[in-house]
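Input: a single structure, listed below in structure tokens.
The values are calculated or read from the model by the stated rules, or taken from the named source; none is laboratory data. Small disclaimer: the values here were computed from a predicted structure and weren't measured. Note: ideal-geometry Cβ built from the backbone for every residue, glycine included; neighbour counts use all protein chains shown.
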Amino acid sequence: MFDSVLVANRGEIARRIIRTVRRMGLRAIVVHSEADAELPFVAEADEAVLLGPASPAQSYLDVSKVIDAARAAGAQAVHPGYGFLAENAAFARAVVDAGLVWIGPDPDAIERMGDKINARNLMEEAGVPVAAGTREPVTDLAGAVRAAEKIGYPVMVKAAGGGGGIGMGVAHDEDSLAKAFEQASRAAARFGGAEGAGPAILLERYIERARHVEVQILGLADGTVIALGERDCSVQRRHQKVVEESPSPGITPELRARMLAAAVRAGETVGYRGAGTVECLVDADAQDFVFLEMNTRLQVEHPVTELVTGLDLVEHQIRIAAGEVYAVETRPSGHAIEFRVYAEDPKRFFPGPGKIDVWEEPSGEGVRVDSGYVAGNTVTPFYDPLMAKLCVHGATREEALGLARTAVAAFRVEGPKNNLPFCAELLDNPEFMTGDYDTGLVSKMRQAR
């Protein structure tokens with residue numbers, strides 16, 4: 001086991017990783033931008049290294065600066081958190097080449113699963129169900145039209161690289177395909193690709209009434225891959241998650257067993273090590289599923305899995321990276337729900353940064369808050385507006401919903417705009433309360449207003 005970990009991230013996930021690192025008796029080192037100098041994660045680390053200006057490109061995304069910071073601070077391992085460089089195979093290789101331990105999967109696995117087209121082709125060959133779609137990148141609109149006609153409308157259009165639902169669009173006909181293709185092409189340009197090449201776009205059959213359900217896997221040091229249950233992430237705005245829960249209220253035990261088995265097969269196919277997530281789309285009516293993508297990192301919503309399993313996923317990431325060989329046994333218990341608390345308008349979901357005048361977190365049995373801010377801090381416009389994750393855990397879904405209502409009402413944030421009013425609204429929504437909802441829920445809620 002190494003004795004120090006550099007956390008190559010910021011905000012709530014940096015604080016969350018620091019907690020486990022220090023509990024394990026290791027030294028926690030962080031990097032930060034000038035804009036984040038006053039945030040709690042910087043003060044809570046054993047050592048903090050300034051990277052540069054607020055711009056991510058000049059701080060958190062600068063590979064050489066992060067590696068230099070790790071060397072200067074004497075770090076022996078690097079944990080990337082999520083976002084920024086977490087799924088950057090070149091960064092993972094740079095960490096290893098610098099003689100440091102990479103707390104994550106093998107760079108080759110990151111690379112193989114980072115391209116959505118390559119990933120779906122690999123999964124199809126391994127016997128994991130995939131939706132009808134393109135096996136090669138689509139680089140122009142004419143090719144997209146031909147592909148959509150072959151697949152059959154409606155189709156989902158998305159960049160082959162990147163993640164988080166950014167740039168995705170649904171096309172129901174040729175006119176809407178042109179708009180969706182342009183949107184995905186802009187996203188593809190941001191994610192990067194071969195110089196001089198056109199945008200790499202993926203088209204897949206769109207499931208009208210779908211649930212977004214993902215499986216948490218853990219690839220152990222001895223080569224074993226296990227599944228730790230599923231999370232339902234169907235409450236989304238702009239194809240980006242807002243609320244997650246485990247277990248999913250919308251799948252049968254038989255479907256759950258098939259999904260977990262497929263996720264293990266996916267992990268085994270790429271020789272996966274560490275914590276990863278296999279994301280799927282579930283046809284709520286047919287009770288069937290298809291592979292969506294694999295996230296080769298810790299997920300934002302990992303706390304719901306931790307709450308129902310009693311495991312510390314960051315600890316397991318660290319132990320696996322250190323080469324420890326051991327077995328993991330868990331019996332999931334109860335129901336957990338996570339609400340992402342964003343600095344954003346609760347109606348249109350536009351970012352609303354600003355100084356935090358009041359910050360009062362709820363507490364009590366069954367309530368967990370992973371936050372990145374305290375009163376007096378400022379949510380800047382330079383990064384994702386996620387301020388905190390409010391999580392609850394009860395013996396049943398009904399009990400968890402009750403805890404959530406109390407906790408959301410008790411969470412006070414004044415200063416920046418925030419989406420806590422939306423969370424309260426969601427908890428009064430009949431579809432969400434019964435668990436009979438899909439990825440269109442938020443859109444329907446806004447259309448009904």
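Which condition number does Leu255 fail, the rest of (1) free of Cβ contacts under 8 Å to residues at least 40 places away in the same chain; (2) touching a Phe, Trp or Tyr at 6+ places or on another chain (Cβ under 8 Å); (3) under 17 Å from Met123 (Cβ atoms) being met?
So the condition that Leu255 fails would be (3).
Just checking, does segment 273-290 include any residue being assigned to a loop (DSSP other than H, G, I, E, B) and small (Gly, Ala, Ser)? Quick ask: steps written out before the conclusion?
Pass one, segment 273-290, residues assigned to a loop (DSSP other than H, G, I, E, B): 273, 284-287.
Subset that is small (Gly, Ala, Ser): 284, 286.
Checked segment 273-290: at least one residue is assigned to a loop (DSSP other than H, G, I, E, B) and small (Gly, Ala, Ser).
Exactly one of (1) part of a loop (DSSP other than H, G, I, E, B); (2) without any contact (Cβ under 8 Å) to a residue 24 or more places away in the chain is unmet by Asn418. Its number?
(2)
Select, from Arg231, Arg265, Arg209, the only residue that is charged (D, E, K, R), closer than 15 Å to Met294 by Cβ and out of contact with any strand residue (DSSP E or B) (no Cβ under 6 Å at 6 or more places or on another chain). Outline the logic, then answer.
On the way: Arg231 fails: out of contact with any strand residue (DSSP E or B) (no Cβ under 6 Å at 6 or more places or on another chain); Arg209 fails: closer than 15 Å to Met294 by Cβ.
After ruling out the rest, the residue left standing is Arg265.
Filter segment 91-105 down to the residues that are touching a residue at least 12 places away in the same chain (Cβ under 8 Å) and farther than 19 Å from Gly271 by Cβ, then identify the one that is farthest from the chain's Cα centre (by Cα). Break it down stepwise before answering.
Residues of segment 91-105 that are touching a residue at least 12 places away in the same chain (Cβ under 8 Å), as a first pass: 91-95, 98, 100-105.
In the following step, the residues that additionally are farther than 19 Å from Gly271 by Cβ were identified as 91, 94, 98, 100.
Details: Phe91: 19, Ala94: 23, Ala98: 27, Leu100: 25 Å.
The residue in question is Ala98.
Determine whether Tyr383 is in a loop (DSSP other than H, G, I, E, B), surrounded by fewer than 18 Cβ atoms within 10 Å (Cβ to Cβ), touching a Lys or Arg at 6+ places or on another chain (Cβ under 8 Å) and touching a residue at least 60 places away in the same chain (Cβ under 8 Å). Don't jump to the end; show me each part of the working.
Numbers: in a loop (DSSP other than H, G, I, E, B): yes; surrounded by fewer than 18 Cβ atoms within 10 Å (Cβ to Cβ): no; touching a Lys or Arg at 6+ places or on another chain (Cβ under 8 Å): yes; touching a residue at least 60 places away in the same chain (Cβ under 8 Å): yes.
Criteria not met by Tyr383.
Taking interchain pairs and intrachain pairs at least six residues apart, which have beta carbon atoms under 6 angstrom, with the first residue in segment 329-345 and in a strand (DSSP E or B) and the second charged (D, E, K, R) and buried (at least 23 other Cβ atoms within 10 Å of the Cβ)?
Qualifying pairs under 6 Å: Ile337/Glu245; Glu338/Glu244; Glu338/Glu301; Glu338/Lys389; Arg340/Lys389.
Name the residue, out of Ala119, Ala126, Ala109, Ala142, that is within 12 Å of Val270 (Cβ to Cβ), of a type outside the set (Asp, Glu), surrounded by fewer than 20 Cβ atoms within 10 Å (Cβ to Cβ) and not assigned by TED's automatic domain parsing to the domain that holds Pro80. Full working, then the answer.
Working: Ala119 fails: surrounded by fewer than 20 Cβ atoms within 10 Å (Cβ to Cβ); Ala109 fails: surrounded by fewer than 20 Cβ atoms within 10 Å (Cβ to Cβ); Ala142 fails: within 12 Å of Val270 (Cβ to Cβ).
Just a single option satisfies the conditions, and that option is Ala126.
Of the conditions (1) of a type in the set (A, V, I, L, M, F, W, C); (2) in a loop (DSSP other than H, G, I, E, B); (3) crowded, with 20+ Cβ neighbours inside 10 Å, Ile17 clears all except one; give me its number.
(2) is the only condition that Ile17 fails.
Out of everything in segment 205-222 that is modelled with pLDDT of 95 or more and among the acidic types (Asp, Glu), what residue ends up being surrounded by the most Cβ atoms within 10 Å (Cβ to Cβ)?
In this case the residue turns out to be Glu214.
Cβ-Cβ distance below 9 Å, separation of 6 or more or different chains: which pairs start in segment 64-80 with a residue that is at positive phi and end on one that is surrounded by 24 or more Cβ atoms within 10 Å (Cβ to Cβ)?
These pairs meet every condition: Gly74/Ile29.
Of Ala407, Ala424, which residue is among the hydrophobic types (A, V, I, L, M, F, W, C), over 22 Å from Ser333 (Cβ atoms) and not in a loop (DSSP other than H, G, I, E, B)?
Working: Ala407 fails: over 22 Å from Ser333 (Cβ atoms).
Exactly one residue qualifies, and that residue is Ala424.
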